[in-house]
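Chemist: Submitted below is the structure of interest, expressed as structure tokens.
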Amino acid sequence: MSTKKIFLEESEMPQSWYNIQADMPNPMLPPLNPQTLEPIKPEDLSAIFPMELIKQEVTQERWVEIPEEVREVYRIWRPSPLIRARNLEKMLDTPAKIYYKYEGVSPAGSHKPNTAVAQAYYNKAEGVKKLTTETGAGQWGSALSFAAQIFGIELEVYMVKVSYLQKPYRKSMMNTWGAQVFASPTDRTESGRNVLAEAPDSPGSLGIAISEAIEVAATRDDTNYSLGSVLNHVLMHQTVIGLEAVKQFEKVGDFPDVVIAPFGGGSNFAGVSFPFLQYKLREGKKLRAIAVEPASCPKLTKGEFRYDYGDTAGFTPLIPMYTLGHNFIPAPIHAGGLRYHGAGAIISQLLKDKVIEAVALHQLECFEAGVKFAKVEGIIPAPETTHAIAQVIREAERAKEEGTAKTILFNFSGHGLLDLQAYDDYFAGKLKDHNLTDDELYSALRKLDTPKIEQ
Ligand SMILES: *Cc1c(COP(=O)(O)O)cnc(C)c1O
């Protein structure tokens, strides 16, 4: 009998998150206070984040303990299964072995609750009454709604307008878990009103929604802000994915040659790949880690490595990142969770140091891959996840051409059961590949006046 699913016992769930900052070949440049251009201090962040998360943002400790209260909530769906995609291998007639870590088993249907639960816990522990956040496709908003509800915190979600209209059922989930949801840009904040004054029909963007959520949190004493990707502590919380996968690979006596994940701000890519990359960084083990971004928002492959804001209005610290410019508004593609202008600082440094790789793919190839996968493996992937699957298929086909057996792991970041409109649009031929002109690609970058980084 051949193994299909590799499970762990609850007792085998990781006790600590892995912090790759301890093993990076070059440290990151410090984030800067935009007013003084000095490295930010913890006090600069304390208006919107709890102290423990600020500490986690900068710690160089390799292991950070997962509180028992957080592990208790994780146990609702964790450990998640590692699954061998044998039917996909057969269909592709490839010598490659393909495994995926299935994060669609969480209550919200994606990897995002891994950090949402931790963030809600630390805010609650420090007496915060209310959180604000932004959401693109609604994945992050629903994950945090669930987590905030579990720990008894109120939540306001600023949801990118195009997704609010395309994905009404995500809003229903958030409401079920007790959150208030607004279509961003709103007239509730100055940032929102400024955007609406210039572009009343603005489809919104993650950057704008972040500005709105931060503005509300910064102006209220009992309210904090919570971010679903990009920041170091968020990436670290997601390493529970890869740490489980390392143990699951041990059980079958295998180790991946290639790890692949879709890329929005970097959290699920970091989550699945960093625990494997530690063996590359410390022991020189061979391993390729490939981040897959949409061709319509190609910050890793076409962006510039420089200081930029994480949001449109410029409330966040200046982060050293690959960016398309914080005013870049991506085409309204269906993979809403990948429509972000920049990449996390850790990811950016690792890409600059060539520890990791990146590719940009068009959405039609991705949907085609997602449908192929669903037909043979059953599970319907989120549009974001299809980006990883398309790259897996490319790697598996290359393995066939080269006649080399290799082991591929990808992160199945979420299921697509609330994204069926996107599939309908794809079947109806309504989706297009969006080829960015240089003007579209570089106009937001050209306008940046944030500090450059010498290459
Ligand atoms: C949010 C999301 C992503 C992308 O975000 P990262 O922070 O880069 O992980 C990918 N897949 C799904 C299903 C998502 O919800």
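Chemist: Between a residue in the range 403-418 that is at pLDDT below 95 and any residue that is within 16 Å of the ligand (Cβ to nearest atom) and not β-branched (Val, Ile, Thr), which pairs come within a Cβ distance under 8 Å, given they are 6 or more apart or on different chains?
Modeler: Short answer, once both residue conditions are applied: LEU418/GLY109; LEU418/GLY138; LEU418/LYS167; LEU418/TYR169; LEU418/ARG170; LEU418/MET173.
Chemist: Considering PRO95, PRO107, which residue is at pLDDT 95 or above, surrounded by fewer than 21 Cβ atoms within 10 Å (Cβ to Cβ), within 16 Å of the ligand (Cβ to nearest atom) and at negative phi? Steps first, answer last, please.
Modeler: On the way: PRO95 fails: within 16 Å of the ligand (Cβ to nearest atom).
Checking each option against the conditions leaves just PRO107.
Chemist: Follow-up question, since we're still on this one. Could you tell me whether THR437 is surrounded by 13 or more Cβ atoms within 10 Å (Cβ to Cβ) and of a type in the set (S, T, N, Q)? Give the steps one after another, and end with the answer.
Modeler: Working: surrounded by 13 or more Cβ atoms within 10 Å (Cβ to Cβ): no; of a type in the set (S, T, N, Q): yes.
For THR437, the condition - surrounded by 13 or more Cβ atoms within 10 Å (Cβ to Cβ) and of a type in the set (S, T, N, Q) - is not met.
Chemist: Would you check which residues across the range 377-403 are within 11 Å of the ligand (Cβ to nearest atom) and open to solvent by 10 Å² or more (accessible area, probe 1.4 Å) and list them? Break it down into steps so the answer makes sense when it comes.
Modeler: If we filter the range 377-403 for residues that are within 11 Å of the ligand (Cβ to nearest atom), which is where we start, we get 381-388.
The answer is GLU384, and nothing else.
Chemist: Before we move on, is TYR164 open to solvent by 10 Å² or more (accessible area, probe 1.4 Å), in contact with a Lys or Arg (Cβ under 7 Å, 6 or more places away or on another chain), in a helix (DSSP H, G or I) and more than 13 Å from the ligand (Cβ to nearest atom)? Can you show your working first?
Modeler: Details: open to solvent by 10 Å² or more (accessible area, probe 1.4 Å): yes; in contact with a Lys or Arg (Cβ under 7 Å, 6 or more places away or on another chain): yes; in a helix (DSSP H, G or I): yes; more than 13 Å from the ligand (Cβ to nearest atom): yes.
Spelling it out, TYR164 is indeed open to solvent by 10 Å² or more (accessible area, probe 1.4 Å), in contact with a Lys or Arg (Cβ under 7 Å, 6 or more places away or on another chain), in a helix (DSSP H, G or I) and more than 13 Å from the ligand (Cβ to nearest atom).
Chemist: Kindly indicate the residue of the range 321-340 that is in a loop (DSSP other than H, G, I, E, B) and under 15 Å from the mean Cα position of the chain (by Cα) and also nearest to GLN455 (Cα to Cα) among those meeting that condition.
Modeler: Step one: filter the range 321-340 for residues in a loop (DSSP other than H, G, I, E, B), giving 324-335, 339-340.
Within this subset, residues satisfying the condition of being under 15 Å from the mean Cα position of the chain (by Cα) are 335, 339-340.
On the way: ALA335: 32, ARG339: 26, TYR340: 23 Å.
In this case the residue turns out to be TYR340.
Chemist: Across the range 365-376, which residue is nearest to the ligand (Cβ to nearest atom) among those that are more than 21 Å from the chain's Cα centre (by Cα) and open to solvent by 10 Å² or more (accessible area, probe 1.4 Å)?
Modeler: Of the range 365-376, the ones more than 21 Å from the chain's Cα centre (by Cα) are 368, 371-376.
Retained after the next criterion (residues that are open to solvent by 10 Å² or more (accessible area, probe 1.4 Å)): 368, 371-372, 374-376.
Details: GLU368: 18, VAL371: 17, LYS372: 18, ALA374: 15, LYS375: 20, VAL376: 20 Å.
Going through the qualifying residues, I end up with ALA374.
Chemist: Considering only the range 404-434, how many residues are closer than 18 Å to PHE255 by Cα, aromatic (Phe, Trp, Tyr) and either over 22 Å from the mean Cα position of the chain (by Cα) or open to solvent by 50 Å² or more (accessible area, probe 1.4 Å) (or both)? Working first, answer last.
Modeler: Our first condition is that a residue be closer than 18 Å to PHE255 by Cα; within the range 404-434, this holds for 404-412.
Add one more test, that the residue is aromatic (Phe, Trp, Tyr), and what stays is 410, 412.
Next cut, either over 22 Å from the mean Cα position of the chain (by Cα) or open to solvent by 50 Å² or more (accessible area, probe 1.4 Å) (or both) only: none.
Adding up the residues that qualify gives 0.
Chemist: Need pairs with beta-carbon distance below 7 Å; first residue under 18 Å from ALA96 (Cα atoms) and within the range 245-272, second within 15 Å of the ligand (Cβ to nearest atom) and in a loop (DSSP other than H, G, I, E, B); sequence gap 6+ or separate chains.
Modeler: Listed by first residue and then by second, the contacts come to ALA261/SER413.
Chemist: Related question: Output the strands (runs of 3 or more DSSP E) that fall wholly within the range 200-297 and possess 1 or more residues being open to solvent by 10 Å² or more (accessible area, probe 1.4 Å) and of a type in the set (A, V, I, L, M, F, W, C), or say none.
Modeler: It comes to none.
Chemist: Something else about it: Restricting the first residue to the range 124-146 and requiring it to be in a helix (DSSP H, G or I), which pairs with a second residue that is surrounded by fewer than 24 Cβ atoms within 10 Å (Cβ to Cβ) and of a type in the set (Asp, Glu) meet a Cβ separation below 8 Å and a spacing of at least six or different chains?
Modeler: ALA125/GLU52
Chemist: What single numbered condition from (1) open to solvent by less than 10 Å² (accessible area, probe 1.4 Å); (2) within 30 Å of SER11 (Cβ to Cβ) fails to hold for ALA125?
Modeler: It fails just one condition, (1).
Chemist: Right, here's the next one. Just checking, how many residues over the range 8-57 are under 18 Å from PRO320 (Cα atoms), open to solvent by 60 Å² or more (accessible area, probe 1.4 Å) and part of a loop (DSSP other than H, G, I, E, B)?
Modeler: Looking only at that region, the number is 9.
The values are calculated or read from the model by the stated rules, or taken from the named source; none is laboratory data. The structure presented is a predicted model; accordingly, all values stated were derived computationally and were not measured. Note that each Cβ is placed from the backbone with ideal geometry, even for glycine, and that neighbours are counted across all protein chains shown. Side chains are part of the model used for accessible areas, which takes the heavy atoms of the whole protein and leaves out ligands, DNA and RNA. Shrake-Rupley method; radii C 1.70, N 1.55, O 1.52, S 1.80 Å.
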